[in-house]
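Inspection log for the structure reproduced underneath, given as structure tokens.
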Amino acid sequence: MRVRVRFTVPEVDPAELGGATAVVIDVLRATSTVTAALAAGARGIYPVASTEEALRLVQSLGRDDTLLCGERKGARIEGYDLGNSPGEFTPELVDGKRVVMDTTNGTPALLAVAEADRVVATCFANIAATAAALHDAADVLVVCAGSEDAFALEDAVCAGALVSALGGPGRHAFDDGARAAYVLASRWRVDPEFLAGTSAGQGLIGLGLEADVRWCAQRDVVDLVPEMRDRVVVVGGG
Ligand code: MLT
């Protein structure tokens, strides 16, 4: 297995997507929220890169069984059904529903790697499930969403946690990004305090969203892997 890590989306060369399994990480909060929504029974998640696209898609899918969710600057977009807090995606609200998702970093990151052979999403809540789902992948490209195209420590540490769960540098061919992520993950114990200390975590706390920080710091509480097929994220296979 070859493992490469890109810490921001602009670092991804489209030519490197062919043949690769892309793993998208946006710990705070899009891939955590995607994981929570699927665990709550969402039928599928439709990532979009703009509000205009979101509103168009909701109309074409049918408003009755489609939820519109997302954030700008961390806060729920006015007129949307939900924001981007994992804890608000409860079975009562999302079971059986389609979810159009419109966020600042995470959904554009998913769309940026749509041409990869396979696209999965991970976060701290499903690292073990993701590592298991990648057991037979030959070429893994981990893509951190970052924050507005800048490095995000929580995404890099999550990438390192995944790289470690895959077996570490002794077992696979790691590029420099993978080796750096592996060392970063060995340096920090992931807990709410760690996440709260990151730039994105500080922003969420400033919005009163401490519960999101706590949710996103959980390790391996969800045993499913979101997988994007034809631009729709569903529960992936093994
Ligand atoms: C996102 O999820 O795209 C962003 O990282 C920001 C957020 O959720 O507040």
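The values are calculated or read from the model by the stated rules, or taken from the named source; none is laboratory data. Remember, predicted model here, so these are calculated numbers, not experimental data. Cβ: placed from backbone, ideal geometry, glycine included. Neighbour counts: every protein chain shown. Just the protein is used for accessible areas: all its heavy atoms, side chains included, with ligands, DNA and RNA removed. Shrake-Rupley method; radii C 1.70, N 1.55, O 1.52, S 1.80 Å.
Just so you know, in segment 5-33 the residues that are open to solvent by less than 20 Å² (accessible area, probe 1.4 Å) and more than 18 Å from residue 123 (Cβ to Cβ) include one that is farthest from the ligand (Cβ to nearest atom), and it is 20. For the criterion of being within 11 Å of the ligand (Cβ to nearest atom) and open to solvent by 20 Å² or more (accessible area, probe 1.4 Å), residue 104 passes.
The residues listed here are 73, 97; of these, the one that is in contact with a Ser or Thr (Cβ under 7 Å, 6 or more places away or on another chain) and of a type in the set (Lys, Arg) is 97.
The residues on offer are 77, 127, and the sole one that is farther than 14 Å from residue 233 by Cα, within 16 Å of the chain's Cα centre (by Cα) and of a type in the set (A, V, I, L, M) is 127. Out of segment 48-87, which residues are surrounded by fewer than 20 Cβ atoms within 10 Å (Cβ to Cβ), of a type in the set (D, E, K, R) and under 27 Å from residue 148 (Cβ atoms)? Answer for segment 48-87, where residues must be surrounded by fewer than 20 Cβ atoms within 10 Å (Cβ to Cβ), of a type in the set (D, E, K, R) and under 27 Å from residue 148 (Cβ atoms): 52, 53, 56, 72, 73, 76, 78, 81.
Within segment 165-190, the residues that satisfy the criterion of being aromatic (Phe, Trp, Tyr) and either open to solvent by 40 Å² or more (accessible area, probe 1.4 Å) or part of a helix (DSSP H, G or I) (or both) are 182, 188.
From the residues in segment 150-164 that are open to solvent by 30 Å² or more (accessible area, probe 1.4 Å) and among the aliphatic types (A, V, I, L, M), which one is farthest from the chain's Cα centre (by Cα)? Even if it seems obvious, please write down each step before you answer.
As a first pass, look at segment 150-164 and keep what is open to solvent by 30 Å² or more (accessible area, probe 1.4 Å): 150-151, 153, 164.
Next cut, among the aliphatic types (A, V, I, L, M) only: 150, 153.
Details: 150: 16, 153: 14 Å.
Among them, the one singled out is 150.
If you take the residues in segment 198-223 that are outside any helix (DSSP H, G or I) and open to solvent by 60 Å² or more (accessible area, probe 1.4 Å), which one is farthest from residue 5 (Cα to Cα)? Across segment 198-223, the extreme among qualifying residues is 207.
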